[in-house]
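The values are calculated or read from the model by the stated rules, or taken from the named source; none is laboratory data. Keep in mind that this is a model prediction, so the values were computed, not measured. Every residue, glycine as well, gets a Cβ built from its backbone with ideal geometry; the counts of neighbours run over all protein chains shown. Quick note on the areas: whole protein, heavy atoms, side chains included, nothing else; ligands and nucleic acids left out. Shrake-Rupley method; radii C 1.70, N 1.55, O 1.52, S 1.80 Å.
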Amino acid sequence: MEIIFGIIGLLLGVGAGIALAHTLLKNSITKNANAIEEKAKETLKKAEEDGERLKKDKLLQAKEKFLQLKSEHEKMVNEKNQQIANAENRIKQKEGTLNQKTEELNRKNAEINTMKENLTKQLEVNKQKAAELDKKTAEQKTKLESIAELTSQQAKEQLIELMKDEAKAEAMVYVKDIMDEAEANANAEAKKLVIKAIQRTGVEVAMENTVSVFNIENDEIKGRIIGREGRNIRTLENLTGVDVIIDDSPDAILLSSFDPVRREVARLSLQKLVSDGRIHPARIEEVVAKTKRQIEQEIAEIGKRTCIDLGVHNMHHDLMRLIGKMRYRSSYGQNLLQHSKEVANLCATMAAELGLNAKLAKRAGLLHDIGKVPDNEPELPHALYGAQLAEQYKERPEIVNAIGAHHDEMEMDNLIAPLVQVCDAISGARPGARREVVEAYMKRLNDLENIALTYPGVVKTYAIQAGRELRVIVGAEKVSDEQAAQISFDLSKKIQNEMTYPGQIKITVIREIRSINFAR
């Protein structure tokens, strides 16, 4: 029985514990639910506050952006209005100028009409005077025929017969003089013919001395140098006077010109253009102009350095520049600067042996061919022109005489002069020093350019393609298209009559107009 009561008590105790646990669990759950609800309300409230604050910030940013855009729009509108006002002012000024020009044109038209009327009246008066003169001439002719008892036709026939007899006598004398002169000059003319024949067979030698090779990395550069429709290569040839030959030769471009300075300008310009990568007509003009200035500076530096190396001091800077130009000139295939330095050293050595002034002799030897590199083309021989230059730049009389007399074109008056002449012959006469054909070839090209320069309106001339083409650049404001065509025709006839040359020569006259303005 006690066991039953014990079990019942245990069951009751377990039931009470379960009830108590259920009550405690329920209270805990209720408490947690209330806490969660409170936390959720706080979170919701905080979220609403954050949303309101974010909303206010966004509205504030939107207002600031609107004000900024509005300010920029007003500024842009003001600028546009100012531009429109300025444009209106310019238009008004142009209208005023146009009105003034219109009034001036109307005034000139009125003057022209007045002049036309005066000319018409004058022509009528002249016609009347001409008719009166013809009438008087006919009367005088009739009177002369009646006095001479000859008609005008008979008088003409007698005068013609008399003039025929006189002309025949003068012609016989003239023919005899020509025959005598031809016999006297037969030997000299035969030598000239032989020299011309040799000159025509000297093509390879001329090409060796008139062509430079410009190496390139690949053949794609050739297309860039040629440019669209050949405009780049045409601009380069016109600016430098050099014939740019682009053929199938791999990785090479040929530059052809008888003038070494032009070839060097073209070579350096191409080098700069290829390395820079920008190749177009405007850039080519800029680079060629800069290269020409660079060459001029280099020429001056070469002349100065040559004088320092030889110990020649106190020389005028223009003479030193001409000495530098010798570096780009050859005399019968011999470099003129090397020849002059050689003559200077020979003169100094021989003068020292003879007990003469070695420094004076060296100075005269260096300057003896200075007349071969003039800034313009003189009509004097190079020896006399060189003497004029030396005298102009205050060189001593002994040096002036030595320069002018080294080809016996001036009488020698001191011992330095024959010394310079002898040393010049020693330097030029040694085996292999000179080639006569090259000098004759270059002289022909110079003559070809100088003939074209005699025509009015011609600005520049370039002989290219080994003398087979002559390009003549004329001033557009001085020469019209019709005159340019006439110059080309007349020049071809003059070259054909005055010069001897192999094959044919193409004459191209270039007339170009450029309008340049600056936008500010």
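A few points about this structure:
- Label point 7 Å beyond Cα of LEU98 along Cβ direction - residues of the range 78-92 with amide nitrogen under 12 Å: 91-92
- Amide H partners (placed H, <5 Å) of LYS460, local residues excluded: ILE473
- Residues in the range 217-245 that a label on ALA252 would reach, taking backbone N under 18 Å of a point 7 Å out along Cα→Cβ: 217-223, 243-245
- About its Cα centre, the dipole of the range 214-313 is roughly 420 debye, where the only charges are +1 on Lys and Arg Cβ and -1 on Asp and Glu Cβ.
- Surface analysis of the range 253-384 yields an accessible area of 45 Å² per residue, using protein heavy atoms and a 1.4 Å probe.
- Calculated from backbone phi, Karplus (6.51, -1.76, 1.60) coupling profile of the range 40-53 in Hz, x at Gly/Pro: 5, 5, 4, 4, 4, 5, 5, 5, 5, 5, 4, x, 5, 5
- For ILE507, nonlocal amide neighbours, meaning residues 5 or more places apart or on other chains whose placed amide H falls under 5 Å from its own, are LEU470.
- Accessible carbon and sulfur surface of the range 335-432 relative to its total accessible area, %, 1.4 Å: 52 percent
- Phi to ³J(HN,Hα) by Karplus 6.51 cos²θ - 1.76 cosθ + 1.60 over the range 366-380, Hz, x for Gly, Pro: 5, 9, 5, 10, 5, x, 8, 10, x, 6, 10, 8, x, 8, 7
- Using a probe radius of 1.4 angstrom, the carbon and sulfur fraction of the accessible surface of the range 456-520 is 47%.
- Per DSSP, loop trypsin sites (Lys or Arg not before Pro) in the range 345-432 with at most 13 further Cβ within 10 Å: LYS394
- Dimensionless Rg/Rh of the range 441-520 - Kirkwood Rh, Rg from C-alpha atoms: 1.07
- In this calculation the C-beta distance from ASN78 to GLU139 is compared with R0 = 60 Å, giving a FRET efficiency of 0.10.
- For the residue pairs LYS460/LYS506; LYS460/LYS493; LYS478/LYS506; LYS222/LYS493, the C-alpha atoms sit more than 27 angstrom apart in LYS222/LYS493.
- Gain on full extension, evaluated as 0.36 nm per residue between TYR393 and ASP276 minus their Cα-Cα distance, stands at 37.9 nm.
- Annotation: per residue accessible area for the range 70-136 equals 95 Å², rounded to a whole number [probe 1.4 Å, protein chains only].
- Across the range 273-290, rounded Karplus estimates of 3J(HN,Hα) from the backbone phi angles (6.51 cos²θ - 1.76 cosθ + 1.60, θ = phi - 60°) give 5, 5, 5, 6, x, 8, 10, 8, x, 5, 5, 4, 4, 5, 5, 5, 4, 5 Hz, Gly and Pro being marked x.
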